Amino acid sequence: MEAQFSTVDVTVTSATVGRRWSRSAAGIAHQSYSIKVNYAPASAVQSITFSRAGITSSLTPTLREQSEQAGSISLLDTINEATD
């Protein structure tokens, strides 16, 4: 018998209050966001990915770090607001 898999899209949203800035050099502004999703049971998940949408869809991260382990996935995106 062949295993049956289905795709489930889960929307993860983020609301911000104000803006947090870090200045790495004169005139260069960076902004970041980080998301961590936990899921269980881990054995029920074959793969998981993040896709940007909405206000972040047109941005190009200068740094994108993604890590995955059994039961969770994390994402860190850093955007250069001087160019995006």
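The values are calculated or read from the model by the stated rules, or taken from the named source; none is laboratory data. Model, not experiment: these values are computed from the prediction. In this analysis, Cβ positions are derived from the backbone assuming ideal geometry, glycine residues included, and neighbour counts consider all displayed protein chains.
Report, by residue number, each residue of region 28-81 that is surrounded by 14 or more Cβ atoms within 10 Å (Cβ to Cβ), part of a strand (DSSP E or B), out of contact with any helix residue (DSSP H, G or I) (no Cβ under 9 Å at 6 or more places or on another chain) and hydrophobic (A, V, I, L, M, F, W, C). Result: Ala29, Ile35, Val37, Ile73, Leu75, Leu76. Only residues in region 23-44 that are at pLDDT 80 or above count as the first member; pair them with residues that are assigned to a strand (DSSP E or B), Cβ under 6 angstrom, at least 6 apart or cross-chain, and list the lot. Partner pairs satisfying both residue conditions: Gln31/Ile79; Ser32/Thr78; Tyr33/Asp77; Ser34/Leu76; Ile35/Leu75; Lys36/Ser74; Val37/Ile73; Asn38/Ser72.
Contact annotation: residue pairs with Cβ atoms under 6 Å, 6 or more positions apart or on different chains, pairing a residue in region 49-68 that is free of Cβ contacts under 8 Å to residues at least 12 places away in the same chain and within 24 Å of Val8 (Cα to Cα) with a partner that is of a type in the set (Ser, Thr, Tyr) and not in a loop (DSSP other than H, G, I, E, B), are Ser67/Ser74.
Return yes or no: is Thr13 modelled with pLDDT of 75 or more, surrounded by fewer than 10 Cβ atoms within 10 Å (Cβ to Cβ), assigned to a loop (DSSP other than H, G, I, E, B) and at negative phi?
Against the criterion (modelled with pLDDT of 75 or more, surrounded by fewer than 10 Cβ atoms within 10 Å (Cβ to Cβ), assigned to a loop (DSSP other than H, G, I, E, B) and at negative phi), Thr13 does not qualify.
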